[in-house]
Amino acid sequence: MKYVTEYRDAALVKAVIEEIRRTVTRPWTIMEICGGQTHAIVRHGIDQLLPEEIELVHGPGCPVCVTPLELIDKALEIASRPDVIFCSYGDMLRVPGSSRDLFSVKAQGGDVRVVYSPLDAIKFAKQNPDKQVVFFAIGFETTAPPNVMSAMQAKKLGLENYSILVSHVRVPPAVSAILGSPTNRVQGFLLAGHVCAVMGYHEYPPLVEQFNTPMVVTGFEPLDIVQGILETVRLLEAGKVEVFNAYQRAVTLEGNIPAQKMIDTVFMPVDRKWRGIGNIPMSGWDLRPEFDAFNAEKRFQVETITADESPLCIAGQILQGLKKPHDCSAFGKECKPEHPLGATMVSSEGACAAYYRYGRVK
Ligand code: SF4
């Protein structure tokens, strides 16, 4: 398959790893921000093939993992109502709230439906005028365009029974929070290629300068990832502080400007709480007041619901690159994919799930 097969060529990957080995002279800690990259790294054993000087740590770029517990509880409260059809991407159904998940709401008779696009939820709203249809709009910049498009579509169609429960987060404020933390140990970043395909990478040069940390826009296939690591190591070894685009087949500096304009029409920047990490200023998006009619939190009056995290779960430290999943005392014991304690064990992009699935016990 074009753009896939050639980026999984084992001989090419091996050659790039050899080049990394020739280039590196001292230890470096590099964070891949995106959960999709974490899974690819662990699945293909890339971290185990790298020279020992390079440590990869896993960032908070998994939207399911960082959706705050209280927002899951709000989703559960709304989905339990008899007049609601609650629509979500499949990976949110097993994410534990304080006491249950969306699957258990469905088992108890709630109308919870898995959709592949928010436009499916719009279709349900048109077909069921006597029901309230709610779409669980979570994600980073990548999923924002279809989600805002659904609000625009609902407004255009005059749908009064459609709303979205928004938990959108943005990568640059998270990078800033990680690098600005007194416990930070990240020296170089692999930036998420799909986020940059939408937003471009013009937001990162000021961060690179402020924190003196090089960043490389990186894709998701094995060759993309080792190339991203090589370019990061080259910058680190040369003492260069800049952004390098190693994913030119999908990413430009400016990104997708029509998509950015559409997002800006519907969403505004807000402070967001990240599960396990806490509040990061201006790290999220929420609906603008002009779209209040489509705001599920306001429609169902669940804004005041709050929740506390499990004391056993150290996902917050894992998502900041401070710990690895096997450092958690509950890993593989009280916490497994069948009965997860934290979202990083549930999500297909979560670091704990990746370590469990591919047998990374130590
Ligand atoms: S293994 Fe489970 S409890 Fe431990 S950090 Fe991961 S998700 Fe949380």
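Computed values, structure above
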read-out	value
Hey, ALA296 in contact (Cβ under 8 Å) with a residue 40 or more places away in the chain, surrounded by fewer than 20 Cβ atoms within 10 Å (Cβ to Cβ) and touching a helix residue (DSSP H, G or I) at 6+ places or on another chain (Cβ under 8 Å) or not	no
Matching residues in segment 312-340 - criterion: being within 6 Å of the ligand (Cβ to nearest atom), assigned to a loop (DSSP other than H, G, I, E, B) and closer than 28 Å to SER176 by Cα	LEU312, CYS313, ILE314, CYS328
Qualifying residues in segment 110-161 (those that are in a loop (DSSP other than H, G, I, E, B) and either in contact with a Gly (Cβ under 7 Å, 6 or more places away or on another chain) or of a type in the set (A, V, I, L, M, F, W, C) (or both)) - the one surrounded by the fewest Cβ atoms within 10 Å (Cβ to Cβ)	VAL115
Flag if PHE294 is among the aromatic types (Phe, Trp, Tyr) and under 22 Å from THR38 (Cα atoms)	no
Helices (runs of 4 or more DSSP H) lying entirely in segment 43-93 (those with 3 or more residues that are under 14 Å from ILE138 (Cβ atoms) and in contact (Cβ under 8 Å) with a residue 40 or more places away in the chain)	63-66, 69-79
Selection count where residues are more than 8 Å from the ligand (Cβ to nearest atom) and in contact with a strand residue (DSSP E or B) (Cβ under 6 Å, 6 or more places away or on another chain), scope segment 341-362	0
Restricting segment 158-214 to residues that are without any contact (Cβ under 8 Å) to a residue 40 or more places away in the chain and of a type in the set (A, V, I, L, M, F, W, C), the residue that is nearest to ASN128 (Cα to Cα)	LEU159
Filtered residues of segment 1-30 (kept if of a type outside the set (Ser, Thr, Tyr) and part of a loop (DSSP other than H, G, I, E, B))	MET1, LYS2, VAL4, ASP9, VAL24, ARG26, PRO27
Odd one out for LYS261, checked against (1) within 22 Å of ASN147 (Cβ to Cβ); (2) exposed (fewer than 15 other Cβ atoms within 10 Å of the Cβ); (3) in contact (Cβ under 8 Å) with a residue 24 or more places away in the chain	(3)
Members of segment 281-298 found to be touching a strand residue (DSSP E or B) at 6+ places or on another chain (Cβ under 7 Å), under 12 Å from ALA154 (Cβ atoms) and not in a strand (DSSP E or B), listed by number	PHE294, ALA296
Hits in segment 175-228 - residues which are small (Gly, Ala, Ser) and either crowded, with 24+ Cβ neighbours inside 10 Å or assigned to a loop (DSSP other than H, G, I, E, B) (or both)	SER181, ALA192, GLY193, GLY200, GLY219, GLY228
Any hit, segment 199-217, residues being under 22 Å from THR143 (Cβ atoms) and in contact with a Cys (Cβ under 8 Å, 6 or more places away or on another chain)	yes
Residue check, PRO289 closer than 18 Å to LEU165 by Cβ, more than 8 Å from the ligand (Cβ to nearest atom) and surrounded by fewer than 20 Cβ atoms within 10 Å (Cβ to Cβ)	yes
Odd one out for GLY255 among (1) buried (at least 18 other Cβ atoms within 10 Å of the Cβ); (2) within 20 Å of GLY35 (Cβ to Cβ)	(2)
Residue among GLY36, GLY97 that alone is in contact with a Phe, Trp or Tyr (Cβ under 7 Å, 6 or more places away or on another chain) and either buried (at least 17 other Cβ atoms within 10 Å of the Cβ) or closer than 30 Å to LEU235 by Cα (or both)	GLY36
VAL270, sole failed condition from (1) among the β-branched types (Val, Ile, Thr); (2) touching a Lys or Arg at 6+ places or on another chain (Cβ under 9 Å); (3) assigned to a strand (DSSP E or B)	(2)
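Here is a yes/no grid of residues against (1) among the small types (Gly, Ala, Ser); (2) under 23 Å from GLY359 (Cα atoms):
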site	(1), (2)
GLN48	no, yes
GLU70	no, no
ALA75	yes, no
PRO82	no, no
SER88	yes, no
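Rule-based calculations on the coordinates, nothing more; no lab input. Quantities reported herein were computed from a predicted structural model and do not represent experimental measurements. Reconstructed Cβ throughout: ideal geometry from the backbone, glycine too, with neighbour counts over all protein chains shown.
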